[in-house]
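Structure record follows, encoded as structure tokens.
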Amino acid sequence: MYEGSASPLVIEPVSDHHQELAELVELNSGVWSDKLLEHGALLFRGFSVWSVTDFDRFISALKHQRLEYFHGSTPRTALGNSIYTATEYPASEEIPLHNELSYETQWPLKLALCCLIPATFGGETPIASMRRVTAAIGAKLMDAFEERRVKYVRHYWPSVDVAWQKAFQTNDRVEVAKYCVAHEITHEWLRDGILRTYQVCQGTAHHPITNERLFFNQAHLFHVSSVGEHAAKLLTGFFGNDRLPRQTFYGDGREIPLEDLVAVRSAFSNEAQTFRWQAGDVLLLDNMQFAHGRRAFQGARHVIVGLMEPYSEKHGRPMHLKKSS
């Protein structure tokens, strides 16, 4: 798709005959994992993927364990069988490039997105090679993130981001406590009923097959500065420094210098690759090799997503990303 770049590799049918993508995957089982490892991103275009059911068949044909979206940080709608809408932020907002669930100690190795209805204008899903982003960030800052890690602090305010009941998929505070203990999350209930959580996670991670060290966190996205200087001042003024909906620190609790976050954001933006969605497109990503985001858009955009192949550097794979029982 891009001159001088091997990613994404575009796969199209050789004729106008409508071929089901699930059938193609099933007939060539074993090929796609190798192709994905080589290219990091595969774009299937021109196949008959017109519905959630068609996309579900594609996910099934890959034969990878599916993940449910627990402890999510953005609003989504569950469509059944671990398929979800893409993040439901206002169309006017851009979602920065990031690796899915890299703010957790467990994450999906593979991510599939399907465009059922492209936006009238904008709405692209930019991607970026994490190999190139990591190189641009540089060894010194990478060492800092690896050694100090990242601390995520969240306050679950009503009507801001995701309510705790939806994030943890329960109305029972006891179940929240069980989940937090199982996933090494510190939590407390404030006097006004607001849930506060702390979690220290990796700043970098090694790809389980290539063993490359990669930038792998969402410090730049969770930090209040990600919304811009003016909006950050408004949020801080309204909630206070110690009760922001989302904030990040280095794992030792110290502030992440703004210049560090600027360097990370610059590395992502400079490596972004953008293509226009077409109806029926399916984008399969190696979630550690490629980041993704979303451009602002106009019109009725409908993109759905499936998360696959759970992984943890501590436990290896597979890991079940579900609530504790």
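Numbers below:
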{"read-out": "Close pairs from region 267-279: first closer than 9 Å to P126 by Cα and free of Cβ contacts under 8 Å to residues at least 12 places away in the same chain, partner in a helix (DSSP H, G or I) and not aromatic (F, W, Y), Cβ under 8 Å, at least 6 apart", "value": "none"}
{"read-out": "Strands (runs of 3 or more DSSP E) wholly inside region 1-114 that include at least 1 residues being of a type in the set (F, W, Y)", "value": "41-44, 83-85"}
{"read-out": "Any hit, region 38-47, residues being among the charged types (D, E, K, R), touching a residue at least 40 places away in the same chain (Cβ under 8 Å), closer than 18 Å to P108 by Cβ and out of contact with any Cys (no Cβ under 7 Å at 6 or more places or on another chain)", "value": "no"}
{"read-out": "Lone unmet requirement of (1) loosely packed, with under 15 Cβ neighbours inside 10 Å; (2) β-branched (V, I, T); (3) touching a strand residue (DSSP E or B) at 6+ places or on another chain (Cβ under 6 Å) for I194", "value": "(1)"}
{"read-out": "Sole residue being surrounded by fewer than 20 Cβ atoms within 10 Å (Cβ to Cβ) and touching a strand residue (DSSP E or B) at 6+ places or on another chain (Cβ under 6 Å), chosen from Q278, Q247, Q273, Q218", "value": "Q273"}
{"read-out": "Candidates A205, A167 - the one that is within 28 Å of D143 (Cα to Cα), in contact with a strand residue (DSSP E or B) (Cβ under 8 Å, 6 or more places away or on another chain) and either among the small types (G, A, S) or assigned by TED's automatic domain parsing to the domain that holds T77 (or both)", "value": "A205"}
{"read-out": "The listed residue being in contact with a helix residue (DSSP H, G or I) (Cβ under 8 Å, 6 or more places away or on another chain), farther than 18 Å from H98 by Cβ and either surrounded by 15 or more Cβ atoms within 10 Å (Cβ to Cβ) or modelled with pLDDT under 95 (or both), out of T204, T170", "value": "T170"}
{"read-out": "Pick from region 142-161, criterion of a type in the set (A, V, I, L, M) and surrounded by fewer than 19 Cβ atoms within 10 Å (Cβ to Cβ), ranking: farthest from T87 (Cα to Cα)", "value": "A144"}
{"read-out": "Residues (more than 26 Å from T53 (Cβ to Cβ), surrounded by fewer than 24 Cβ atoms within 10 Å (Cβ to Cβ) and modelled with pLDDT of 95 or more) located in region 105-127", "value": "F121, G122, P126"}
{"read-out": "Per-region count, region 9-51, residues closer than 17 Å to P126 by Cα and either of a type in the set (K, R) or modelled with pLDDT under 90 (or both)", "value": "1"}
{"read-out": "Scan of region 52-75 for residues that are at pLDDT 90 or above, in contact with an Asp or Glu (Cβ under 6 Å, 6 or more places away or on another chain) and under 19 Å from H292 (Cα atoms), ordered by number", "value": "none"}
{"read-out": "Leading residue by the ranking (surrounded by the most Cβ atoms within 10 Å (Cβ to Cβ)) among those in region 250-270 that are of a type in the set (A, V, I, L, M) and assigned to a helix (DSSP H, G or I)", "value": "V264"}
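The values are calculated or read from the model by the stated rules, or taken from the named source; none is laboratory data. If you're wondering where the values come from, they're calculated on a predicted model, not measured in any experiment. Quick reminder, even Gly has a Cβ in these numbers, built from the backbone with ideal geometry, and neighbours come from all protein chains shown.
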